[in-house]
1. Leaving ligands, DNA and RNA out of it, report the carbon-plus-sulfur percent of the accessible area of the stretch 40-167 at a 1.4 Å probe.
2. Give the relative contact order (percent, whole number) for the stretch 183-258; include only Cα pairs under 8 Å separated by 6+ residues.
3. Report the FRET efficiency, 1/(1 + (r/R0)^6), for S187 and A72, where r is their Cβ-Cβ distance and R0 is 41 Å, rounded to 0.05.
4. Solvent-accessible area per residue for the stretch 89-128 at a 1.4 Å probe radius, Å²?
5. With the other protein chains left in place, how much accessible area per residue, in square angstrom, belongs to the stretch 249-322 at a 1.4 angstrom probe?
6. Is the stretch 153-249 best put as rounded, prolate or oblate by its Cα gyration tensor, with a ≥ b ≥ c the root eigenvalues, rounded for a/c under 1.5, and otherwise prolate when a/b is larger than b/c, oblate when not?
7. For the stretch 47-110 and the stretch 163-185, what is the separation of their C-alpha centers, rounded to whole Å?
8. Given R₀ = 35 Å, what would the calculated FRET efficiency be for D82 paired with R168, taking r from the Cβ atoms and rounding to 0.05?
Amino acid sequence: MQTAHEKDSVYHGRDRRTAVVLVNLGTPKSPGYFDVMFYLREFLSDPRVVGLPRLLWYPILYGFILPFRSRASGEKYGQIFDKKRGMPLLYLSEDVCSHLQDSLASTHPTVDIYLAMRYGKPSLEDILDQIKQTPVREILFIPMFPQYSQATTATIVDKVAQIFKKWRFVPDIRFLSGFADHPKYISALSASIKNYWQMHGRGEKLLISFHGLPKRSLTDGDPYFCLCHKTTRLLTQTLDIGPDDFLMVFQSRLGPFPWLSPYTEDTIVSLAKSGYKTLDIVAPGFSVDCLETIDEIGREYQELFQEHGGTSLRYIPALNDSPAAIDCFRSLICAHIE
């Protein structure tokens with residue numbers, strides 16, 4: 001094993017580099033039963049994600065959820081799996097990193113962009129192992145979650161701290177906790193919605209849907225709920241729409257406990273029964289499209305809306321690797337490394 005002095009001598013004369021690690025939640029490698037089960041096991045074993053006592057939670061997780069939900073979730077993942085590129089969350093995140101690296105190449109040649117997943121592959125361990133082999137000066141971690149939550153951003157901090165316990169030399173480290181109110185993020189969202197309306201016309205109401213969390217997260221001090229409201233307020237101000245034109249809702253609730261509300265599903269059913277025929281829906285909490293946007297919103301909620309009398313629930317895609325999204329991430333990076 002090289003000492004710090006020996007490693008420094010190897011790097012002598014080479015530019016010290018800045019590593020920027022974009023971190024997304026993760027996705028199974030494939031829709032296969034065991035790939036989905038391994039992913040869910042890692043994800044749902046995190047105490048930041050499920051805060052129940054382990055003695056209570058593990059029998060439920062291993063006895064009921066993993067055996068049955070792995071198969072059901074695998075069928076859903078199979079609906080969005082691309083045989084050439086794999087899972088959308090992974091390859092769309094890769095596209096963001098690739099275009100971001102290109103955009104920085106001429107102005108910041110010593111900045112390297114990496115992609116890691118909190119759960120699944122490429123893992124944070126593997127990416128940091130790769131970075132460890134380079135003459136890195138500092139590492140900037142950017143969770144791809146605009147709105148901070150302990151169940152997403154904080155668990156990345158936990159994992160990184162755990163990994164760095166094994167490092168003899170730890171470079172300068174920066175964490176971006178979120179960008180819920182960043183002007184370029186709000187501007188990109190607004191432009192995406194306006195462009196959609198220009199091309200397809202405007203629906204009768206805009207639903208702004210965020211991923212849900214148990215309601216106790218709010219009472220325990222997690223700022224996620226407040227940050228979702230802040231993004232919504234800034235976005236609707238930029239769109240210049242009034243309170244009767246939109247609703248903020250929360251999707252993907254799980255289990256019998258109360259979650260942040262109003263619930264997306266209940267709102268869709270209520271609007272359909274009230275006579276609404278065309279709704280637009282956007283999910284600002286997702287930097288790239290994934291199971292929750294492509295299948296849950298694009299298929300399940302569309303079917304639910306039509307079952308109760310609606311005609312068209314139109315999903316406005318995530319920012320993905322659009323020029324505005326790349327410009328937003330570039331701005332976040334430059335603000336920290338300059």
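The values are calculated or read from the model by the stated rules, or taken from the named source; none is laboratory data. Nothing here was measured: the structure is a model prediction, and the numbers come from that model. Here Cβ is always computed from backbone atoms with ideal geometry, including for glycine, and neighbour counts include all displayed protein chains. These area figures cover heavy atoms from the full protein model, side chains too; ligands, DNA and RNA do not enter into them. Shrake-Rupley method; radii C 1.70, N 1.55, O 1.52, S 1.80 Å.
1. Carbon with sulfur: 56 percent of the solvent-accessible area.
2. Answer for the stretch 183-258 is 51 percent.
3. Efficiency for this residue pair is about 0.60.
4. Result: 37 Å² per residue.
5. 39
6. Since a/c reaches 1.5 and a/b is larger than b/c, the shape of the stretch 153-249 is classed as prolate.
7. 20
8. The value I calculate is 0.30.
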